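Working notes for the structure below.
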Amino acid sequence: MKNRSKSYVRHQRGRIIRKKWAILKNVMLLESEYMPVRGTLSKGKIHCSCRMCRYEQYHSIPKAKHKAKLKAMKQEIDDYVCFLFTYFPYISFQLL
C-alpha cells in the first residue's frame, strides 16, 4: 500500500463527501434539516441506483476495459485473416 500524505487523504475525503452530498441533495431531494452531518458521508455508500448515477448500465454502454479488449480481439482476427490471404492465396475460404 502506498503511503499517502495527509493533504492527499483530506482531498480525497472531501471529494467523496461532496459527491455524496450532491447525490443526497439533488437526486434523493433531501432538505437541509434532514441531511446527515457531512463527516459521516466519508464512510460507507450512498446507495443510489438511479439512471443518472448508473447511466452506462441503463444504456448498455460498455466499459473502457471491455472496449479495449474487444478492439484487441478484432485486430488479432484481422491480422490472422490478412496472414492467411497473404501466405495462402490459392485457398478459397468459405463461411459455413
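Using 0.36 nm times the number of residues separating residue 90 and residue 16, minus their current alpha carbon distance, what extension gain do you get? It would help to have the intermediate numbers written out before the result.
Details: separation 74, 0.36 × 74 = 26.64 nm, distance 6.19 nm.
Result: 20.5 nm gained on full extension.
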Residue-ordered couplings for the stretch 65-79, obtained by feeding phi - 60° into the Karplus form 6.51 cos²θ - 1.76 cosθ + 1.60 and rounding to whole Hz (Gly and Pro as x), are 5, 6, 4, 5, 5, 5, 5, 5, 5, 5, 5, 5, 5, 4, 4
Spin-label model distance (nm) - residue 2 vs residue 56, 7 Å beyond Cα toward Cβ: 2.0
For the chain, what value does the Rg/Rh ratio take when both radii are computed over Cα atoms and Rh is the Kirkwood radius, given to two decimals? 1.34
Can you tell me which lysines have their Cα less than 18 Å from the Cα of residue 45? Leave out same-chain residues fewer than eight positions away. 19, 20, 25
Would you calculate a helix-derived [θ] at 222 nm for the chain, using -39,500 (n - 2.57) for each DSSP H run of n ≥ 4 and dividing by the full residue count, to the nearest 500? -15500 deg cm²/dmol
So how far apart, in nm, are the two label points at residue 82 and residue 37 if each is 7 Å from Cα heading toward Cβ? 6.3
Of 57, 35, 70, which is farthest on the positive side of the dipole of the chain, counting Cα position, with +1 on Lys and Arg Cβ, -1 on Asp and Glu Cβ, and the Cα centre as origin? 35
Taking a cut-off of 13 Å between Cα atoms, list the aspartates and glutamates near residue 71, but don't count ones fewer than 8 places away on the same chain. 79
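What length, rounded to one decimal in nm, is gained on full extension from residue 70 through to residue 29, with 0.36 nm per residue of separation minus their alpha-carbon distance? Each step should come with its number before you reach the end.
Working: separation 41, 0.36 × 41 = 14.76 nm, distance 3.94 nm.
Stretched out fully, the residue 70 to residue 29 stretch lengthens by 10.8 nm.
Laboratory data are not the source of any read-out in this text; all were calculated from the coordinates shown. From a predicted model like this one, the values you see are computed outputs, not experimental measurements. Methodologically, a virtual Cβ is constructed for each residue, glycine included, from the backbone with ideal geometry; neighbour enumeration extends over all protein chains shown.
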